[in-house]
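Every number in this text was worked out from the coordinates using simple rules, so none of it is lab data. Being a predicted model, the structure only gives us computed values, none of them experimental. Here Cβ is always computed from backbone atoms with ideal geometry, including for glycine, and neighbour counts include all displayed protein chains.
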Amino acid sequence: MWFGCAMPYLNAKMRVPLISLSLVLLLFSCAEESELERTRSLANEGGAIAQYNLGVINDYGKGVPQDYKNAVKWYRMAAEQGYALAQYNLGAMYAKGDGVPQDYKNAEKWYRMAAGQGNAIAQYNLGAMYDKGEGVIQDYKEAVKWYRMSAEQGHAPASYNLGVSYDIGEGVPQDYKEAYAWFSVAKVNGMEFAEENLGIIKKKMTKEQIADAMSLATEIQKRIKANKKD
């Protein structure tokens, strides 16, 4: 999920912000006390999924009082075993300062680990950190690299920000066809306010360029579907 107001098109850097909310993904119900105890038992035995689930339970107060420090404890245990979702959530905790002092460098570290395993939201967040220079040296080319990896998995905010990069020529050569294509992909994947960007950028393009951009958007969508099947 992403947060922030729907942002209009501007001839300036206007991107979707860093996603810093933890991802909720309980792999089995822990609503009943017996299930909660079973989860604790599995977590104490070293089960990474159970440790992750306990992190989520404490993070969101599902059946227990909300406790960010305990959430961080369990996320860390799962993350150190290489569990990508826990790595992402631990990065999010550092980015927000929930249960730990806010620390963008540690957020970047854990996002990078999750991103290396193909987590699209972590890839997007790395892009946003390079875009803003939070926890890393600002580097627009590196931002585009991570946005693209996330966008190729169908992550709409990454597609939108990649469109912005192409529109203003930041981190990549300015290319209205690419910008139009990525805004189109963002809209198809749920970012309705990209429609406003499409309407404005269309005025800068010829009919032939628009047709080429629409064909490119179709090709990108095919790649995304293929990536999801893989």
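Protection proxy ranking, highest mean first, for peptides 62-69, 95-102: 95-102, 62-69, where packing is the per-residue count of other beta-carbon atoms within 10 Å, averaged.
Dividing the mean sequence gap of close Cα pairs (under 8 Å, 6+ apart) by how many residues region 66-180 holds gives a relative contact order of 15 percent.
When only Cα pairs under 8 Å and 6 or more residues apart are kept, what is the percent relative contact order across region 19-125?
Numbers: 176 pairs, mean separation 23.4, N = 107.
Averaging sequence separation for qualifying contacts and normalising by length gives 22 percent for region 19-125.
Please go through the residue pairs Lys141/Lys204; Lys109/Lys145; Lys145/Lys202; Lys109/Lys132; Lys177/Lys204; Lys109/Lys228 and name each one whose alpha carbons sit more than 19 Å apart in this structure. Lys141/Lys204; Lys145/Lys202; Lys109/Lys228, as the Cα separations exceed 19 Å there. Remark: region 19-125 projects, on average over all directions, an area of 5.7 nm² (convex hull of Cα atoms). Here the alpha carbons of region 143-230 define both size measures, Rg and Dmax, at 11.9, 37 Å.
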